1. For region 160-247, just say rounded, prolate or oblate: build the C-alpha gyration tensor, square-root its eigenvalues into a ≥ b ≥ c, call rounded for a/c under 1.5, and beyond that prolate if a/b exceeds b/c, oblate if not.
2. Among I24, I95, rank each residue by its count of other Cβ atoms within 10 Å, from fewest to most, as a rough exposure measure.
3. Could you grab the relative contact order for the chain? Cα pairs under 8 Å, six or more apart, rounded to a whole percent.
4. Would you mind computing, in nm to one decimal, how far apart the modelled labels at T108 and Y85 are, each placed 7 Å from Cα along Cα→Cβ?
5. May I ask you to compute the full-extension gain from K97 to D17, defined as 0.36 nm times their residue separation minus their alpha-carbon distance, rounded to one decimal in nm?
6. Between H225 and N55, how many nm apart are label points set 7 Å from Cα along the C-beta direction?
7. Would you list D220, D163, D144, D58 from fewest to most Cβ contacts within 10 Å?
8. Under 16 Å between alpha carbons: how many lysine pairs meet that in region 6-242, if sequence neighbours fewer than 8 apart on the same chain are excluded?
Amino acid sequence: MPRPSGFVIYRGPSLLDGAPIVCIATVKSRNAKTGNMVQTWIMRADMSPVEASRNGSDESICGSCSHRGIPTFAKKGAAKDRSCYVTLHYAPLNIWKTWRRGRYPVATGHAAIASVGKGRKVRLGAYGDMSAVPSYIVDSLLSDASGHTAYSHQSGNPASSYDPAHYMVSADSEAAARAAWAMGARTFRVVAELSDAVKDKEIPCPSLRGLHCVACGLCDGAGKHPNAKSIVIPVHGAGAKYFEARA
């Protein structure tokens, strides 16, 4: 029997607002930037990611991320002026629909969740912020993994499971990045131009020179690489035209 293409590793309340969410770990990826990593997708359990975007319910899985856009409450489409690089109508929506059809088995307990990431590089948050999920899920998923990448906008949210040892702080400005560095965290920052990088603190994302995330592994927080520089990348993706540089 073929191995499933993904597993439900959490279904329950969001740590951010208590709304129902689901976290699915897919085990194969053809993502041109990341390479073949286990990827986690955090979504509302009670509505599609597109619907959640257009009515603002994606706050349950993204918090107050500035890239979410402006809710329209329309009958179709996603939020207005959404600058997030994730295209909701593709992978997130397809994975959510596949889950609703019951195609992803549930991995319950430490051993089962650990087996999903065993020997693999794991990307926490292909869509959504993994710190909306309890920390014991992350701990189990990474326990036998060979490495991971993770990003979070929840560094200032005590309700979240954000841990600077695991996560890069998604900094929306140089000021926010400097505040994170002062606290011993590392950052991942989207910039309008690479010249906006703080040269003694940040380096361009190695993916810009063709290195896949699965081979790089620098975006794993401050735990394994406490002295490594933080990462910047030029704005990209379908929402790039809505990006606003913040001082």
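We did not get these values from a lab; they are worked out from the coordinates using the rules stated. Keep in mind the model is a prediction, meaning the values are calculated, not measured. Glycine also receives a Cβ, built like all others from the backbone with ideal geometry; neighbour counts cover every protein chain displayed.
1. Numbers: a/c = 1.55, a/b = 1.21, b/c = 1.28.
Cα axes put region 160-247 in the oblate bin.
2. Listed from fewest to most nearby Cβ atoms, that is I95, I24.
3. Details: 542 pairs, mean separation 47.8, N = 247.
It comes to 19 percent, rounded to a whole number.
4. It is 3.7 nm.
5. Details: separation 80, 0.36 × 80 = 28.80 nm, distance 2.32 nm.
Result for the pair: 26.5 nm of gain on full extension.
6. According to this spin-label approximation, the distance is 4.0 nm.
7. Details: D220 23, D163 18, D144 15, D58 29.
If I rank by nearby Cβ atoms, fewest first, I get D144, D163, D220, D58.
8. Values: K28/K118; K28/K121; K33/K121; K80/K241; K121/K224; K199/K229; K201/K229.
Within region 6-242, the lysine pair count is 7.
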